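FYI, it's all coordinate maths here, none of it is from the lab. Quick caveat, the model's predicted, so the values are computed rather than measured. Every residue, glycine among them, receives a Cβ derived from its backbone with ideal geometry; neighbour counts consider all protein chains shown.
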C-alpha cells in the first residue's frame, strides 16, 4: 500500500488532473505479488501523459516498463493487466533485483468521471474514518474498466459497482480475514467471477507533541515528512507563538486539565510528552490515562523517568519512557529520529530490531 504521505500526494495530483479539460494519465496499481518484492498490493503510481510520475514504484519494481506501457494505455483508453516474473525478460528481472513476481493493473484516466472516487477517499481520511476500498478490475479473468466501492462500518461512501451480492461477499471476506492487510479476491458477482482488490483505509497517523523543547521542534518536520498529522501543544501561548511551525502543522494551547477536550484522540494517534518540566510531564501523562492512543511516550533520562514511575498519579499507566529506540542519539534531531522510529515500530507491531542477524543475512 501507499504510505500516508504518498496517498495524500496521489489524492492532490488526481484532484488537479480531474480539473484539466482533457486529462491524460494512467493509474498503475499492484494487484498481486508473490515472493520477495519491494512493494505490496495496493501500492499505486500515477503516470502522466508526458511520462512523468507521481509516487514512484521504487525499489525492485520494473518502473521503466510500467511507464512505457502506461503511455500505450493512455492512447488506447483501455485497461490492461501485466505480469512480471521469470518469463518477463532479463532487463526487467535485473531491475526487479528481488526474484519476486508482480501483477500490475494499468487503467486510463482520461475523463473526470474516472477519478470521482478520490473525493470519497479524501473525505473519509479527513473525517478519520476507517474504511475499505474495493477495486473490481476483471470479470471471468478478462480485464475490465475498474470500478470502485468505498465503505465504512456505518455506510457505503462511494459505489460504482452496484452489485449487492458482490458487496456482501466482500464484507464477509473482510470479516473472516485473519489480518487486515490488502488482499485480492476472486468472488462471484452478477456479471461472473470477479477479481477485486480490497484495501483497508485508515486515518493518517496523528502525532501530538506536548512541549516546545528543541527535541519537540526537531520532531515536527520529521513527522510531517512521514505524512503524520502533527499538533504541537503547550500551556504557554507565548512559547507556541515563538515556535516556527512547518507549514500545515497545528498549534494548540492546552493545560493538562483541558487537554482531552482540546484534542480528539483515537487509536491512530500518538502522544509524546516532552516539556522538560517533571511536574508538567506527570500532569499531562496523568491527563491521558484511558486515552485511546496507539503510543504514549515521555522524554527524559532514566533517572528522571524513574521518578515519573514512582509518582502515584501515573501508577499502572503504560508509558514508553524514555521515549525512542536506543540508537545512541544525543542531539535534538537524533532524539527526534529515535522517537519517530519507536512510534513506527509500535504502530506496525514490530520490535524495532535490526533487519539482519549476526551473520548479516537479511530477514524476510
I'd like the orientation of helix 332-347 relative to the chain: the angle between its Cα long axis and the longest Cα principal axis, in ° from 0 to 90, rounded to 10. 60
For the chain, take the longest principal axis of its alpha carbons; what is the angle in degrees between that and the long axis of helix 63-76, to the nearest 10 within 0 to 90? 50
Any chance you could check the Cα centroid distance between the stretch 1-71 and the stretch 262-325 for me, in angstrom? 39
Rounded to the nearest 5, what is the percent of antiparallel bridges among the DSSP beta bridges in the stretch 212-364? 10
For the stretch 10-71, projected area of the alpha-carbon convex hull averaged over all directions, nm²: 4.3
Gain on full stretching of the segment that runs from residue 238 to residue 353 - 0.36 nm per residue minus C-alpha separation: 37.4 nm
Rounded if a/c is under 1.5, else prolate if a/b beats b/c, else oblate: with a ≥ b ≥ c from the C-alpha gyration tensor eigenvalues square-rooted, which is the stretch 206-347? rounded
quick shape note, the chain: Cα extents on principal axes in Å, largest first -> 65, 50, 41
Percent of beta bridges antiparallel (DSSP, the chain, rounded to nearest 5): 70
In degrees rounded to 10, the 0-90 angle between helix 278-287 Cα long axis and the longest Cα principal axis of the chain is 50
The chain - mean residue ellipticity at 222 nm from DSSP helices (-39,500 (n - 2.57) per run, n ≥ 4, rounded to 500): -9500 deg cm²/dmol
Using 0.36 nm times the number of residues separating residue 64 and residue 333, minus their current alpha carbon distance, what extension gain do you get? 93.3 nm
Cβ neighbours within 10 Å, averaged per peptide: list 249-255, 62-68 in order, most packed at the top. 62-68, 249-255
